[in-house]
1. Quick one: net charge around Glu26, please, counting Lys, Arg +1 and Asp, Glu -1 for every other residue with C-beta under 11 Å from its C-beta.
2. Explain nothing, just compute: Karplus ³J(HN,Hα) = 6.51 cos²θ - 1.76 cosθ + 1.60, θ = phi - 60°, for every residue of the range 89-95 in order, whole Hz, x for Gly and Pro.
3. Given the DSSP H assignment, sum -39500 (n - 2.57) over each helix run of at least 4 residues in the chain and divide by its residue total; what's the result at 222 nm in deg cm²/dmol, nearest 500?
4. What is the packing order of peptides 75-82, 21-28, 57-64, 39-46, taking the mean over residues of other C-beta atoms within 10 Å and listing the highest first?
5. Semi-axes of the equivalent ellipsoid for the chain, please: Cα gyration tensor eigenvalues, times 5, square-rooted, ordered largest first, whole Å.
6. For the range 6-82, what is the charge dipole size about the Cα centre, in debye to the nearest 20, if Lys and Arg each add +1 at the Cβ and Asp and Glu each add -1 at the Cβ?
7. According to a simple spin-label model (label point 7 Å from Cα along Cα-to-Cβ), what is the distance in nm between Asp77 and Cys15?
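What follows draws every value from the coordinates through simple rules; no lab data is involved. All values derive from a computational prediction rather than experimental measurement. Cβ atoms come from the backbone with ideal geometry, glycine included; neighbour counts cover every protein chain shown.
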Amino acid sequence: MPPSTTRAAFRVHGCVQGVGYRRFAERQAQALGLAGWVRNDPGGTVSGEAEGSADALAAFRSQLARGPAYGSVDRLDWETPAVRSSLPFPFELRR
């Protein structure tokens, strides 16, 4: 990734499992050219990491907060860690 990339870790709370949220996130991230992953967590949340341009990440964050038509997002936790490592590209769904 170019040096101008930014990385974000996110966790989404609400009705986000069993409603197509991971596929929604995967499609949005791939359309924006982001690297990273998304998965369901045992506590009923969805989490992941994404890396790309600041503009693409801002658009992705907005889309994650909205969620898919059948989901309901109560809260989006978003962090931008300083540590970078290699994330999968294209963005992938994890089980």
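1. Summing Lys/Arg as +1 and Asp/Glu as -1 gives +4.
2. For the range 89-95, the Karplus-derived couplings read 10, x, 3, 10, 8, 10, 9 Hz, x marking Gly and Pro.
3. About -8000 deg cm²/dmol.
4. Peptide ranking by packing, descending: 21-28, 57-64, 39-46, 75-82.
5. So the three semi-axes of the chain are 21, 12, 12 Å.
6. Dipole magnitude for the range 6-82 comes out near 200 debye.
7. Output for this residue pair reads 2.3 nm.
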